[in-house]
Amino acid sequence: MASEHARSRRRTLSWTRLSDQALLELRFRDLGLTLREANIRRAVQRLYRELESRGIRFRPHIWLSEEWFTPDGVPGIAVPFYLAHPRLTRLERHIMHEAEGGNSRELMRILRHEAGHALDNAYRLRRRKRWREVFGPASLQYPVRYKARPGSRRYVHHLGEWYAQAHPTEDFAETFAVWLAPRSGWRKSYADWPAFRKLQAVDELMAEVRGQSPPVRNRARIEPLESNTRTLGQYYRRKLARYRRYRRGLADALLQWLFSAQRPRRDALRAATLLRTHQKALIASVSRELGLARYSVQQIMRMLIERSDTLNLYVRGGRRDAVRNSRWLLERLADLYSQGKTPHLPL
């Protein structure tokens, strides 16, 4: 029986030897993926042990889907398909230049964050007065993008990009993840931060539910992989399109962070003028630093100038600082935009 299962498993995963191009033509449901991949299994068991060590009886159920997410009202976590097999992780990195959760440290950080969402759903924590007082109303509309305050100490730092500032539910999930992580030392590292109050609130909320079974126990699996008839090629076309829109939004957000939408003084220099004046030196410096083709960096600079003009931005502060900040912005965006060679996605 065991040998028959092994032969069946080998037949199911025969796609592992396909080229990227051929792999993109397969449907998700035909991949035959499970959660047997050792890295995922070990990470989930580690998460369960961390919850147990804190006296929390809740254990979020896990399933495979297209992306990381925890649906509202569901006490479980969807894990992206590419983490279920090394061949798919390589494909994800080839096309997207990263695989979110692709190493053990990042995998645990994301699992703790998503466990915060799942636990919130399981115990209906957002309905509690203490939760709302500290984190705000969960009913706030979720933003398409958010304006982060990098210097704020009212939020913990966990996943990066100041993600706790996006929405009250993300603020809670990020704070819970910091609280849950073994040896995080949050009492010491956040002692002088206003965010310490949020960590204390999580500590109090967890004391309230410690040892209790969660009232919400449904095992719903939203958008499970085995019923997904979309091909990998269709998925990556959509994902790349979203990623390009995100990067364009990121460029606007960073420009508005570095420059001012209000004219600070009558003789203030327009941001577009500053970028045009220094574009040759900035392009040469960034292309040399990142090893990118000068033309590619030039196109990004052109986009930044056009967006600065459209947004009617002005330089704030000294010119030297503005040039240095402009170089940082160009370097960051050039690094994001350098996607390299990816497999052709069939139409």
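A few remarks follow.
- Test: Ala118 is under 20 Å from Glu50 (Cα atoms) and either outside the structural domain of Thr34 (by TED's automatic domain parsing) or not in a helix (DSSP H, G or I) (or both): no
- For segment 209-239, the set of residues classified as hydroxyl-bearing (Ser, Thr, Tyr) and at pLDDT 95 or above consists of Ser213, Ser227, Thr229, Thr231, Tyr235, listed by residue number.
- From the list Leu119, Leu111, the one residue that fits, being within 17 Å of the chain's Cα centre (by Cα), closer than 29 Å to Gly211 by Cα and modelled with pLDDT of 95 or more, is Leu111.
- Helices (runs of 4 or more DSSP H) within segment 128-220 that include 1 or more residues among the acidic types (Asp, Glu): 129-135, 168-180, 196-209
- Tabulated pairs, segment 193-221, first hydroxyl-bearing (Ser, Thr, Tyr), second exposed (fewer than 14 other Cβ atoms within 10 Å of the Cβ), C-beta under 8 angstrom, 6+ apart or interchain: Ser213/Arg57
- Residue match in segment 14-24 (condition: at pLDDT 95 or above, at negative phi and of a type in the set (Lys, Arg)): no
- Any chance Leu250 is surrounded by 18 or more Cβ atoms within 10 Å (Cβ to Cβ) and within 19 Å of Ala334 (Cα to Cα): no
- Scoring Asn39 on the criteria (1) polar (S, T, N, Q); (2) under 20 Å from Gly102 (Cα atoms); (3) at pLDDT 95 or above leaves a single failure, condition (3).
- For segment 23-50, the tally of residues that are outside any loop (DSSP other than H, G, I, E, B) and among the β-branched types (Val, Ile, Thr) stands at 2.
- Residue match in segment 49-59 (condition: without any contact (Cβ under 8 Å) to a residue 12 or more places away in the chain and surrounded by fewer than 15 Cβ atoms within 10 Å (Cβ to Cβ)): yes
- The listed residues are Leu290, Leu282, Leu269, and the only one of them that is under 29 Å from Thr89 (Cα atoms), outside the structural domain of Ser65 (by TED's automatic domain parsing) and in contact (Cβ under 8 Å) with a residue 24 or more places away in the chain turns out to be Leu290.
The values are calculated or read from the model by the stated rules, or taken from the named source; none is laboratory data. This one's a predicted model, so the numbers in the text were calculated from it and none came from an experiment. Glycine also receives a Cβ, built like all others from the backbone with ideal geometry; neighbour counts cover every protein chain displayed.
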